[in-house]
Amino acid sequence: MSRRIGTLAKIKDIWKTFTRKTETPREIQERNDLYKIALATTYRQLRVISADTTSKRSVASYCRDKTQLEQLFDRASDSLEHETKAHELPIRSLRLHVQSLVQPQALDILKICKDVDEELQIPRDDDEIHNEILNNCKDIVHEERIHVMKIIESALKGKNIAAGTDSSSLATAAAKQEQRQLAYLKQKLDAIDTLSKFLERQSQSNAGQLSSNDVIQVHKPDAFGYYMNSDESINRSIRYYQLINLTKAILIKQRLGYATIALQSTIQDAGRGIFVDGFAPAGSLVAFFPGIIWPKEHLVNVTAVRHIFKDDPKHHLSMRYDDILVDSRKEPYTVLDNDHSNAFAIAHVANHPPMQEEQPNCGTVVVDFLEKEKWQELGLARYVPNRYAKPPMMLGPQALDLNKVYMHGFGLIAIRDLENEEVFYDYRLSPGEESTYPEWYNVCSPEDVRNRWSGS
């Protein structure tokens with residue numbers, strides 16, 4: 001009973017925080033979102049600390065015991081309430097606290113991306129496909145295929161054994177999760193086989209060109225969500241980068257426990273989506289929104305900038321709570337080796353959850369790259385996936401920041417454990433003046449949308 005009373009007391013304190021009379025609906029919504037992210041990332045930190053530090057960061061490294069997880073969650077909640085006193089912090093301070101929790105993950109991810117590039121020794125020019133890189137990737141991808149096949153066989157065997165043994169809601173949810181994972185693994189296997197065909201044709205051709213037999217139906221996307229082009233040189237280049245991306249994901253997962261890759265979405269007619277390959281515990285940073293950053297002070301004159309943002313058919317414009325805009329409309333999702341890019345810079349490809357079938361499993365989070373981390377000196381500047389349309393003004397909103405920002409950014413963070421599945425986040429589209437949405441758009445929470453765009 002005492003634990004129940006304690007939990008109710010915490011909920012009461014949190015509710016008071018979210019219903020402050022001095023805060024607008026938008027500020028209340030931001031505080032709610034920030035608190036959830038802070039709780040998830042603090043919870044993740046505790047899980048990492050309690051994990052077996054001698055093993056690689058994988059599924060086996062993290063606690064799965066329900067009782068222990070509940071205890072860690074309570075510790076995370078207590079830490080936020082009694083140590084951080086999150087419910088008392090002004091929103092600006094709560095933003096900084098969340099940033100302090102997310103920043104180490106961003107730094108870790110970019111360091112891993114750099115390490116993987118150095119291991120593969122990928123050249124920076126885009127003019128030719130390098131056979132030595134192909135040969136290096138071939139063995140890595142082949143080993144991954146064997147690994148995926150074993151997981152699929154084991155999953156199918158377990159599925160047959162468990163069929164019809166438990167009809168509870170928890171068992172149903174677990175079965176649905178296993179079904180999602182199995183579907184992803186089969187799609188990943190299909191993607192590997194697509195690349196294997198490319199490698200086979202590559203080795204058979206002295207000229208280094210793909211055989212015409214590799215061409216599939218133009219009207220049908222493959223496992224990568226790619227439609228074959230009539231120009232074979234384009235297909236050859238795309239396959240090369242798909243191979244590089246998949247190889248990088250394999251090596252990143254070995255270091256981080258998970259990676260993020262772009263494949264054909266599980267949503268019909270949605271095109272590409274992004275998937276977590278491996279296990280990412282709740283609170284993990286899983287992707288960055290790449291693109292051009294527009295500081296708030298350069299968006300004040302609506303008339304002057306309206307024409308710049310009038311076309312956004314794929315919803316690749318993202319607005320942070322502090323009114324900094326991220327323009328990902330022209331950002332790639334296959335060629336990820338250029339400056340201002342990295343293997344995780346594909347958040348703009350992530351989809352909104354389909355009608356009533358899925359709930360968001362990720363949320364957006366501010367990811368500011370601070371100058372104190374010395375990105376240039378660490379050789380990580382080229383992996384920061386953003387650049388300014390216009391630099392922030394010296395006397396603009398960030399003039400009073402305690403830590404100077406090298407580059408403003410935006411990302412996706414897991415709000416529950418993710419394992420071998422597609423990433424979904426709530427787009428929270430602004431209804432605009434006409435209060436209309438696309439046919440495919442499912443309003444996940446009308447209240448959240450109303451609060452988010454209140455006063456905008």
Q | Checking Asp426 against (1) within 19 Å of Lys36 (Cβ to Cβ); (2) open to solvent by less than 20 Å² (accessible area, probe 1.4 Å), the condition it does not meet | A | (2)
(Q) Conditions first: (1) open to solvent by less than 50 Å² (accessible area, probe 1.4 Å); (2) on the phi < 0 side of the Ramachandran plot; (3) touching a residue at least 60 places away in the same chain (Cβ under 8 Å). Leu402 passes all but one, so which condition is the exception? (A) (1)
Q) Which residues, taken from region 282-311, are at pLDDT 95 or above and more than 18 Å from Arg329 (Cβ to Cβ)? A) Ala282, Gly283, Ser284, Leu285, Val286
Q: Please name all residue pairs, on different chains or six or more residues apart, with Cβ atoms under 6 Å, provided the first residue is in region 410-423 and is in contact (Cβ under 8 Å) with a residue 40 or more places away in the chain and the second residue is among the aromatic types (Phe, Trp, Tyr) and assigned to a strand (DSSP E or B).
A: Gly411/Phe288; Leu412/Tyr425; Glu419/Phe279; Glu422/Phe275
Q: Output the number of the condition that Ile234 fails; it satisfies all remaining conditions of (1) more than 14 Å from Leu195 (Cα to Cα); (2) crowded, with 23+ Cβ neighbours inside 10 Å.
A: (2)
Q: Would you mind listing the strands (runs of 3 or more DSSP E) fully within region 282-394 where at least 3 residues are closer than 18 Å to Asn245 by Cβ and open to solvent by less than 10 Å² (accessible area, probe 1.4 Å)?
A: 285-288
Q: Might you let me know whether region 246-259 holds any residue that is open to solvent by 30 Å² or more (accessible area, probe 1.4 Å), in contact with a Pro (Cβ under 8 Å, 6 or more places away or on another chain) and not polar (S, T, N, Q)?
A: no
(Q) Can you tell me which residue is modelled with the lowest pLDDT among those in region 331-359 that are closer than 24 Å to Tyr321 by Cα and over 12 Å from the mean Cα position of the chain (by Cα)? (A) Gln359
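The values are calculated or read from the model by the stated rules, or taken from the named source; none is laboratory data. Quick caveat: nothing in here was measured; it's all calculated off a predicted structure. Methodologically, a virtual Cβ is constructed for each residue, glycine included, from the backbone with ideal geometry; neighbour enumeration extends over all protein chains shown. Surface accessibility is based on the protein's heavy atoms, side chains included, excluding ligands, DNA and RNA. Shrake-Rupley method; radii C 1.70, N 1.55, O 1.52, S 1.80 Å.
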